[in-house]
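Report on one structure; see the data block that follows.
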Amino acid sequence: QKDAALAAIANAQTLDAIEEQRVAALGKKGWVSLALKTLGQMSPDERQQAAPAIQAIRAEISDALMAKKSALESAELEAQLANETVDLTLPAPQQPSGTVHPVSQVMDELAEIFVDLGFAVATGPEIEDDWHNFTALNMDESHPARAMHDTFYFPDKDGEGRSMLLRTHTSPVQIRSMVEQGAPIRIIAPGRVYRSDSDATHTPMFHQVEGLVIDKGIHLGHLKWTLETFLKAFFERDDIVLRLRPSYFPFTEPSVEIDVGFEVVDGRRVLGGDGDAPGHGWMELLGSGMVNRRVIEFAGLDPDEWQGFAFGVGVDRLAMLKYGMDDLRAFFDGDVRWLQHYGFSP
Ligand code: PHE
């Protein structure tokens, strides 16, 4: 029986067959186990005679089982390794990698230019109160300019008439900066703003960058030089021409709309050159002005001591102009093909 078992073990081709042989010999009802049980019924003398032989058989069988088992296991591993060779000379598959979004990119560019001019970057909350967004900017409850802002209001929870809102522009950061840090001030404040408006050139959320300078003896010349220097650096052209046009904002006096001369290249408007030249034109780019003395007062400063200028410009619009994009909504669709088209993906 032993020789038959050893032969079967040697012939086993699978781990299952080995297990079968183990049960047949060493299992509870296996023949080796049964032989061991007979020892119990023998007299001590008989047992001393028979036991070593049976123990030896058990050891031999179990050694054979273990040896065959590990041989089969390593053969299996060997086969697996032969099957799954890795070709290290193959080129690795391309992993898609992210890029900075055009809006973030432009905000970074803006910050870099203004930091070079000695400005700090300030921020304010997107959930703003009525006072910072309107009242302190010289728009009291009855001011008609409020209606033009298409404001998203939050429900007036405490019933005290102090409703919170999504800021409609970055101008409340002017107030926060003056209140918190006093004068002098030189800041830009980039960020998200919200208005209930949506078409090809308007999205309910968009981005602005606010600029504010408060110091002694600040005048319109400082405003013009700062914006001209900024626009030349941003559009990387020395021939950017500004046209200052009288306008109205409640928080600036006088208010100045800044137009920039453009030329038409491949059917597209590109900023640069004199807007009055043949084939050129003027594009309305941003709102600005000297900070209204009422606003300086609202923020707790003395308008006879401190003057300043402020401006606000759409970041998305700047990005569209610089990179030749034509649909604002595409900025917020997250379509990689669109980013790639404008050179924003590797
Ligand atoms: N806050 C104005 C707007 O959103 C822009 C602006 C900012 C105008 C600062 C003048 C001065 O339209």
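Of the numbered conditions (1) part of a strand (DSSP E or B); (2) touching an Asp or Glu at 6+ places or on another chain (Cβ under 8 Å); (3) more than 11 Å from the ligand (Cβ to nearest atom), Pro303 fails exactly one; give the number of that condition.
(1)
Going through segment 6-31 one residue at a time, which ones are of a type outside the set (A, V, I, L, M, F, W, C) and not in a loop (DSSP other than H, G, I, E, B)? It would help to see each step written out before you state the result.
Of the residues in segment 6-31, the ones of a type outside the set (A, V, I, L, M, F, W, C) are 11, 13-14, 16, 19-22, 27-30.
Asn11, Asp16, Glu19, Glu20, Gln21, Arg22, listed by residue number.
Does segment 256-270 hold any residues that are surrounded by fewer than 17 Cβ atoms within 10 Å (Cβ to Cβ) and of a type in the set (A, V, I, L, M), and which are they? Before the answer, list the steps.
Let us first name the residues in segment 256-270 that are surrounded by fewer than 17 Cβ atoms within 10 Å (Cβ to Cβ), namely 264-270.
Matches in segment 256-270: Val264, Val265, Val270.
Just to be sure I understand, how many residues within segment 61-110 are among the small types (Gly, Ala, Ser) and within 30 Å of Val336 (Cα to Cα)?
Going through segment 61-110, the residues among the small types (Gly, Ala, Ser) turn out to be 62, 64, 67, 70-71, 74-75, 79, 82, 92, 97-98, 104.
Next cut, within 30 Å of Val336 (Cα to Cα) only: 92, 97-98, 104.
Count: 4.
Is it true that some residue in segment 183-190 is within 16 Å of Ile296 (Cα to Cα), away from the ligand (no atom under 13 Å from the Cβ), part of a strand (DSSP E or B) and open to solvent by less than 10 Å² (accessible area, probe 1.4 Å)?
Taking segment 183-190 first, the residues within 16 Å of Ile296 (Cα to Cα) are 183-187.
This time we only want the ones that are away from the ligand (no atom under 13 Å from the Cβ), so: 183-186.
Still in the running and part of a strand (DSSP E or B): 185-186.
Within this subset, residues satisfying the condition of being open to solvent by less than 10 Å² (accessible area, probe 1.4 Å) are 185.
So far as segment 183-190 goes, yes, one or more of its residues are within 16 Å of Ile296 (Cα to Cα), away from the ligand (no atom under 13 Å from the Cβ), part of a strand (DSSP E or B) and open to solvent by less than 10 Å² (accessible area, probe 1.4 Å).
If I ask for residues that are part of a strand (DSSP E or B) and open to solvent by 40 Å² or more (accessible area, probe 1.4 Å), which ones from segment 306-326 would you list?
Restricting attention to segment 306-326, the residues satisfying the condition of being part of a strand (DSSP E or B) are 307-314.
Selection gives Gln307 alone.
Are there any strands (runs of 3 or more DSSP E) wholly within segment 200-293 with 1 or more residues that are touching a residue at least 40 places away in the same chain (Cβ under 8 Å), farther than 20 Å from Asn133 by Cβ and more than 13 Å from the ligand (Cβ to nearest atom), and if so which?
Numbers: elements: 205-215, 242-249, 252-265, 268-271, 280-291.
Answer list for segment 200-293: 205-215, 268-271.
Go through Glu109, Glu78 for me and flag whichever is modelled with pLDDT under 95, more than 16 Å from the ligand (Cβ to nearest atom), of a type outside the set (S, T, N, Q) and on the phi < 0 side of the Ramachandran plot. Lay out the reasoning, then the answer.
Working: Glu109 fails: modelled with pLDDT under 95.
Matching residue, one of Glu109, Glu78: Glu78.
Yes/no matrix, rows are residues, columns are (1) open to solvent by 50 Å² or more (accessible area, probe 1.4 Å); (2) at pLDDT 90 or above; (3) not in a helix (DSSP H, G or I):
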| position | (1), (2), (3) |
| --- | --- |
| Ala4 | yes, no, no |
| Ser33 | no, no, no |
| Lys37 | yes, no, no |
| Arg47 | yes, no, no |
| Asp63 | yes, yes, no |
| Ser70 | yes, yes, no |
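Given the conditions (1) farther than 20 Å from Val106 by Cα; (2) of a type outside the set (D, E, K, R); (3) open to solvent by 80 Å² or more (accessible area, probe 1.4 Å), which single one is not true for Thr201?
(1)
Cβ-Cβ below 9 Å, separation at least six or inter-chain, first residue in segment 125-144 and without any contact (Cβ under 8 Å) to a residue 40 or more places away in the chain and more than 14 Å from the ligand (Cβ to nearest atom), second of a type in the set (Phe, Trp, Tyr) and part of a loop (DSSP other than H, G, I, E, B): which pairs?
Partner pairs satisfying both residue conditions: Asp140/Phe134; Glu141/Phe134.
Here is a yes/no grid of residues against (1) under 20 Å from Ala145 (Cα atoms); (2) touching a strand residue (DSSP E or B) at 6+ places or on another chain (Cβ under 9 Å):
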| position | (1), (2) |
| --- | --- |
| Trp225 | no, no |
| Glu228 | no, yes |
| Arg237 | no, yes |
| Val241 | no, yes |
| Val260 | no, yes |
| Pro278 | no, no |
| Trp306 | no, yes |
| Ala310 | yes, yes |
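Quick one: which of Ala122, Ala111 is surrounded by 14 or more Cβ atoms within 10 Å (Cβ to Cβ) and farther than 27 Å from Asp327 by Cα? Working first, answer last.
Values: Ala111 fails: farther than 27 Å from Asp327 by Cα.
Only one candidate qualifies: Ala122.
The values are calculated or read from the model by the stated rules, or taken from the named source; none is laboratory data. Everything numeric in this text was worked out from a predicted model, so none of it was measured. All Cβ positions, even for glycine, are placed from backbone atoms using ideal geometry, and neighbour counts span all protein chains on display. To get the accessible areas, we keep the full protein, side chains included, count just its heavy atoms, and leave off ligands, DNA and RNA. Shrake-Rupley method; radii C 1.70, N 1.55, O 1.52, S 1.80 Å.
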